[in-house]
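Any read-out appearing in this document is the output of simple, stated calculations on the displayed coordinates, not a laboratory observation. Only a predicted model underlies this, so the values are computations on that prediction, with no experimental measurement involved. Please note: Cβ atoms are built from the backbone with ideal geometry, for glycine as well, and neighbour counts cover all protein chains shown.
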Amino acid sequence: MEEYLKAVKSMSEKTRIRILALLHHAREVCVSEIVDALQEDQYKISRHLKVLQNAGMVVGSKKGRWIYYQLNESQVHFQKLLLNAVKQVSAEIAREDLERLQQRLKQRANNHCTSSSAGNGKNETARYRV
């Protein structure tokens, strides 16, 4: 029963639904890419990712100094049903988020996450940690 409650609670916040919608459309993304796509603070995105991870909705995998997040492919049936509900409306919920994410993914260097420096428009290695 506790797993069901965690999964439902993880879906009770708009930002978390927006994150799930992004992950539905992108194979895997790092925190800085989600931050830029959703135009939210890094600490807020990290906190929401932690809730989603604890509920078993997403998984993170460390590659070098980056943590890439993706939807959890080994979810239980109940979690899959919840995620299917997000998938049904994800294009409507996150159209602008998805457009920003597509632009942000073009900034990857050698298929690795980068961080945009605010103000000067240059890319540098990200310092985002979860």
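Observations on the structure shown:
- Links that overshoot a 23 Å alpha carbon limit, given the list 9/63; 50/80; 80/106: 9/63; 80/106
- Options (1) 0.96; (2) 1.07; (3) 0.92 - which one matches Rg/Rh (Cα atoms, Kirkwood Rh) as calculated here: (1)
- Of the trypsin sites (Lys or Arg not before Pro) found in region 1-36, the ones in coil according to DSSP and having at most 13 other Cβ atoms within 10 Å of their Cβ are 27.
- Calculated mean residue ellipticity at 222 nm for the chain: -16500 deg cm²/dmol, from DSSP H runs with n ≥ 4 weighted as -39500 (n - 2.57), summed, divided by the residue count and rounded to 500.
- The chain - charge dipole about Cα centre, Lys and Arg +1 at Cβ, Asp and Glu -1, debye rounded to 20: 320
- Charge context of residue 73, other residues only, Cβ under 12 angstrom, K/R +1, D/E -1: +1
- Taking GluC sites (Glu not before Pro) across region 46-120, the ones in a DSSP loop with at most 16 further Cβ atoms lying within 10 angstrom of their Cβ are 73.
- Crossing angle, helix 77-93 versus the chain [Cα axis fit, 0-90 degrees, rounded to tens]: 50
- Contour excess over end-to-end distance, with Cα ends at residue 102 and residue 81 and 0.36 nm allotted per residue: 4.9 nm
- The stretch between residue 46 and residue 25, if pulled fully straight at 0.36 nm per residue, gains 5.6 nm over its current Cα-Cα span.
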